[in-house]
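Have a look at the structure below before the remarks.
The values are calculated or read from the model by the stated rules, or taken from the named source; none is laboratory data. Being a predicted model, the structure only gives us computed values, none of them experimental. Backbone-built Cβ (ideal geometry, glycine too); neighbour counts: all protein chains shown.
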């Protein structure tokens with residue numbers, strides 16, 4: 001184990017609301033996140049994405065950083081309300097022009113643009129119509145996807161439908177921690193199902209538009225294990241709780257796409273939402289499956305949603321600033337599960353990274369040794385999966401520049417480039433230089 005294939009795809013990922021800023025520029029419409037961040041206490045530091053990293057104005061600088069990093073791929077999201085301010089109808093010329101300029105800049109730098117069509121920033125106008133709790137939203141999405149691909153498909157050949165529909169449904173529609181801030185089981189189930197329909201409809205529409213497109217979607221996958229005291233076997237009820245959590249979190253978004261059905265443990269929850277033909281619509285051939293992975297979870301029977309309770313890392317357990325366990329073997333386990341249970345689909349790790357309390361800039365850099373170690377261990381986890389025969393095509397780090405981290409605002413930093421929020425100056429960290437070496441050599445050393 002050591003070297004990656006020469007054609008292995010290295011790069012970085014981002015999302016529109018977290019980096020672009022310019023939320024009231026060029027006719028952009030309001031998104032659910034623009035509305036959500038105005039709620040008192042919704043974001044811990046009171047920040048918003050109104051400026052974010054200033055990428056809308058500074059995208060050329062960021063493309064230059066990616067080129068210096070040696071990224072072969074940049075996966076970014078198109079802001080639905082920047083392209084279609086009302087979520088449907090006529091596009092905003094300034095929004096379309098921005099993405100045209102970004103794509104052209106990436107290609108000129110030798111970086112392949114991959115577009116993720118939705119990363120949680122639903123137009124508020126569609127939320128006012130029910131958002132993801134409405135079946136119509138899946139059709140609106142397919143129309144929007146076709147509009148973007150129809151305009152940019154001569155230069156962009158890879159389109160990913162939705163980013164982490166499972167997280168968006170859970171945190172946005174069940175726990176209320178993310179936009180649109182809903183806490184309702186029926187809304188959660190509807191959001192899962194209608195996003196699954198959107199993925200299927202979007203892939204089918206784009207495949208009909210151009211058979212040469214590389215199409216897929218992105219799911220967050222985390223092994224879910226039963227909680228247990230050290231040195232003891234887990235209780236039977238906690239084993240059952242972990243199995244249900246796995247079905248609700250991982251497989252309710254994965255199984256419909258790859259298998260055409262909901263996992264048995266969740267099937268009853270979706271009976272009232274299913275209509276004739278839905279399973280055929282949701283199941284699509286994917287040219288690549290994007291896997292976002294950060295940690296593993298331990299679960300026990302409790303008082304949380306669905307009767308499940310997450311168990312935080314205990315004393316002595318290595319964790320990131322987010323409170324997420326550092327467990328690179330969990331990434332290998334996830335990839336092996338895709339190989340054994342889902343026919344070894346072509347996978348790209350579309351997000352992996354860590355938030356830590358970085359030291360200040362000194363001598364023109366940031367010594368983020370913890371993040372360097374995290375990347376090194378998780379990239380080794382990918383190499384182990386490759387050696388075991390998993391069809392892994394690439395690894396995209398999260399993320400380039402420290403950005404707006406949803407409900408955590410700017411209190412959590414994932415970037416390999418530091419951001420000065422006052423000046424928007426970018427400073428590459430030690431992790432940037434580490435990734436540049438790996439991206440350039442394909443070697444783990």
Please indicate, with yes or no, whether at least one residue in region 349-357 is more than 18 Å from the chain's Cα centre (by Cα), surrounded by 15 or more Cβ atoms within 10 Å (Cβ to Cβ) and either at pLDDT 95 or above or closer than 23 Å to residue 256 by Cα (or both).
yes
Inside region 77-127, the number of residues satisfying the requirement of being more than 22 Å from residue 394 (Cβ to Cβ), touching a residue at least 60 places away in the same chain (Cβ under 8 Å), in contact with a strand residue (DSSP E or B) (Cβ under 8 Å, 6 or more places away or on another chain) and in a loop (DSSP other than H, G, I, E, B) is 5
Taking residue 385 as the residue in question, decide whether it is crowded, with 21+ Cβ neighbours inside 10 Å, out of contact with any strand residue (DSSP E or B) (no Cβ under 8 Å at 6 or more places or on another chain) and either in a loop (DSSP other than H, G, I, E, B) or in contact (Cβ under 8 Å) with a residue 12 or more places away in the chain (or both).
no
State whether one or more residues within region 241-262 are on the phi > 0 side of the Ramachandran plot, surrounded by fewer than 20 Cβ atoms within 10 Å (Cβ to Cβ) and in contact with a helix residue (DSSP H, G or I) (Cβ under 6 Å, 6 or more places away or on another chain).
yes
Within region 344-360, the count of residues that are touching a strand residue (DSSP E or B) at 6+ places or on another chain (Cβ under 8 Å) and touching a residue at least 60 places away in the same chain (Cβ under 8 Å) comes to 8
Of everything in region 1-43, what is over 30 Å from residue 387 (Cβ atoms), touching a residue at least 60 places away in the same chain (Cβ under 8 Å), surrounded by fewer than 21 Cβ atoms within 10 Å (Cβ to Cβ) and in contact with a helix residue (DSSP H, G or I) (Cβ under 9 Å, 6 or more places away or on another chain)? Give them in sequence order.
25, 26, 27, 30, 35, 42
Scanning region 271-293 residue by residue, those surrounded by fewer than 19 Cβ atoms within 10 Å (Cβ to Cβ), out of contact with any helix residue (DSSP H, G or I) (no Cβ under 6 Å at 6 or more places or on another chain) and closer than 24 Å to residue 308 by Cβ turn out to be 271, 272, 274
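Go through 414, 432 for me and flag whichever is over 30 Å from residue 343 (Cα atoms) and not in a loop (DSSP other than H, G, I, E, B). Even if it seems obvious, please write down each step before you answer.
Numbers: 414 fails: not in a loop (DSSP other than H, G, I, E, B).
Of 414, 432, the one residue that is over 30 Å from residue 343 (Cα atoms) and not in a loop (DSSP other than H, G, I, E, B) is 432.
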Can you tell me which of (1) within 19 Å of residue 95 (Cβ to Cβ); (2) surrounded by 19 or more Cβ atoms within 10 Å (Cβ to Cβ) is the one residue 151 doesn't meet?
(2)
Is it fair to say residue 373 is farther than 14 Å from residue 9 by Cα and either touching a residue at least 24 places away in the same chain (Cβ under 8 Å) or within 21 Å of the chain's Cα centre (by Cα) (or both)?
no
Residues of region 219-243 being in contact (Cβ under 8 Å) with a residue 60 or more places away in the chain and within 24 Å of the chain's Cα centre (by Cα), in sequence order, are 219, 220, 221, 222, 223, 224, 225
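Listed here are the residues, each with its yes/no results for (1) under 22 Å from residue 12 (Cα atoms); (2) buried (at least 20 other Cβ atoms within 10 Å of the Cβ); (3) modelled with pLDDT of 95 or more.
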position	(1), (2), (3)
297	no, yes, yes
300	no, yes, yes
305	no, no, no
316	no, no, no
320	yes, yes, yes
323	no, no, yes
327	yes, yes, yes
332	yes, yes, yes
338	no, yes, yes
Within region 388-411, residues in a loop (DSSP other than H, G, I, E, B) and either within 22 Å of the chain's Cα centre (by Cα) or modelled with pLDDT under 95 (or both) come out as 390, 391, 398, 399, 400, 402, 403, 404, 405, 409, 410, 411
Inspect region 330-343 for any residue being assigned to a loop (DSSP other than H, G, I, E, B) and in contact (Cβ under 8 Å) with a residue 40 or more places away in the chain and give the result as yes or no.
yes
Looking only at residues in region 190-218 that are over 17 Å from residue 278 (Cα atoms) and more than 20 Å from the chain's Cα centre (by Cα), which one is surrounded by the most Cβ atoms within 10 Å (Cβ to Cβ)?
206
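Can you tell me which of 369, 430, 376, 397 is surrounded by fewer than 24 Cβ atoms within 10 Å (Cβ to Cβ) and under 30 Å from residue 216 (Cβ atoms)?
Details: 369 fails: under 30 Å from residue 216 (Cβ atoms); 430 fails: under 30 Å from residue 216 (Cβ atoms); 397 fails: surrounded by fewer than 24 Cβ atoms within 10 Å (Cβ to Cβ).
That would be 376, the only listed residue that is surrounded by fewer than 24 Cβ atoms within 10 Å (Cβ to Cβ) and under 30 Å from residue 216 (Cβ atoms).
Residues are listed down the side, and each one gets a yes or a no for (1) in a helix (DSSP H, G or I); (2) within 19 Å of residue 119 (Cα to Cα); (3) in contact with a strand residue (DSSP E or B) (Cβ under 7 Å, 6 or more places away or on another chain):
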site	(1), (2), (3)
10	no, no, yes
21	no, yes, no
49	no, yes, no
57	yes, no, no
66	yes, no, yes
Enumerate the pairs (first residue in region 414-428 and without any contact (Cβ under 8 Å) to a residue 24 or more places away in the chain; second residue anywhere and buried (at least 23 other Cβ atoms within 10 Å of the Cβ) and in a strand (DSSP E or B)) with beta-carbon separation below 7 Å, excluding pairs fewer than 6 apart on the same chain, so at least 6 apart or on different chains.
415/401
